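Right, one structure below, let's go through it.
Any read-out appearing in this document is the output of simple, stated calculations on the displayed coordinates, not a laboratory observation. Here the structure is a predicted model, which means the values were calculated and not measured. FYI the Cβ positions are ideal-geometry reconstructions off the backbone, even for glycines, and counts take in every protein chain you see.
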Amino acid sequence: MIVQKDFLNKLKDFGLNSYEAKLWTALLSRGVATAGELSDIANVPRSRSYDVLESLERKGFVIMKLGKPIKYIAVPPSEVLERVKKAIQEDADKQVELLNTLRKSEILGDLSSLHKQGIETVEPADLTGAVRGRPNLYNHIASTIKNAEKTVCIMTTAAGLARKSEALKNAFQKAKERGVSIRILSPVQASQAKTMMPAAQVKQIDEVPARFCIVDGKQITFMVLDDVDTHPNYDFGVWVNTASFAKSFENIFNLLWEKH
């Protein structure tokens, strides 16, 4: 049986390795078969077939039919999908429960104290870093907004505003509930922007490729590439935790805000 390599690769989404994918698809094509038959069809070494089929049985992809010789029955793909979904959900629930337990444990407190002590010995000018990839950038910006006490000032493009309305929605809402002032400058019409960003004050400006986020006038994350021509995976930003540098950008932001 010839199965396209791309098709077999897609079966990795089901949590199958190469041999498992080959034997399962072979069994699907036959319905019921022995390990030897499946080995020949799938071009999998016979010495590995039994172990692989045992693994598939544990995962719920096949059922072993008692008798001599032992045969295997394929579980319908729709049923397999539900089983995989359930297994992933159960695993995710366990991980969330573990993380919640750690959040309430002394370990997190000890680690936080250790981090605080380490940060206190570092000069503010040394707290700079590069952030690569748009998902990482948004995670970083969300983290800075989470710790905001007074103000958040953002300048972004039209496309950037649309992305941030989704990626940073929760961070904006929680910041607003803490009484943080959130202001955004973007070339999107104010009425449309307000719908997208209900937690923020938004003003429309001319198209400016600048993209940055200032928090409390103390730290700034600015993106150095044009988001129109940059693939999300290659987007690049610099985080600077110095008040003098962040304040200079905030002054520029305030001038533009008053102008519009």
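Computed per residue of the chain from DSSP H runs no shorter than four, each worth -39500 (n - 2.57), the mean residue ellipticity at 222 nm is -17000 deg cm²/dmol. If you take every DSSP beta bridge fully contained in the stretch 124-259, what fraction is antiparallel? Give it as a percent rounded to 5. Bridges in the stretch 124-259 that DSSP calls antiparallel: roughly 65 percent.
The C-alpha atoms of the chain define a longest principal axis, and helix 158-167 lies at about 60 degrees to it. Could you name the lysines in cross-link range of Lys176, using Cα to Cα under 30 Å and dropping any fewer than eight places away on the same chain? Hits, sequence-local ones excluded: Lys104, Lys116, Lys146, Lys150, Lys164, Lys194, Lys203, Lys218, Lys247, Lys259. When only the Cβ of Lys, Arg, Asp and Glu is charged (+1, +1, -1, -1), the dipole of the chain relative to its Cα centre reaches about 620 debye. Rounded to the nearest angstrom and listed largest first, the equivalent-ellipsoid semi-axes of the stretch 124-259 from its Cα gyration tensor are 19, 18, 15.
Principal semi-axes of the equivalent ellipsoid, √(5λ) from the alpha carbon gyration tensor of the chain, are 54, 23, 17 Å from largest down. Can you list the lysines whose alpha carbon is less than 20 Å from that of Lys71, not counting same-chain residues fewer than 8 positions off? Partners found: Lys22, Lys59.
Against the longest alpha carbon principal axis of the chain, how many degrees, from 0 to 90 and to the nearest 10, is the axis of helix 243-259 turned? Here the helix axis deviates by roughly 80 degrees. Across the options Ser78, Thr144, Met155, the greatest Cα extent toward the positive end of the charge dipole of the chain (unit charges at beta carbon of Lys, Arg, Asp, Glu) belongs to Ser78. Each residue, Ser47 and Asn147, gets one label point 7 Å from its Cα in the Cβ direction; the gap between the two is 5.5 nm. Separation of the stretch 28-100 and the stretch 132-197, taken as the distance between their Cα centroids, equals 46 angstrom.
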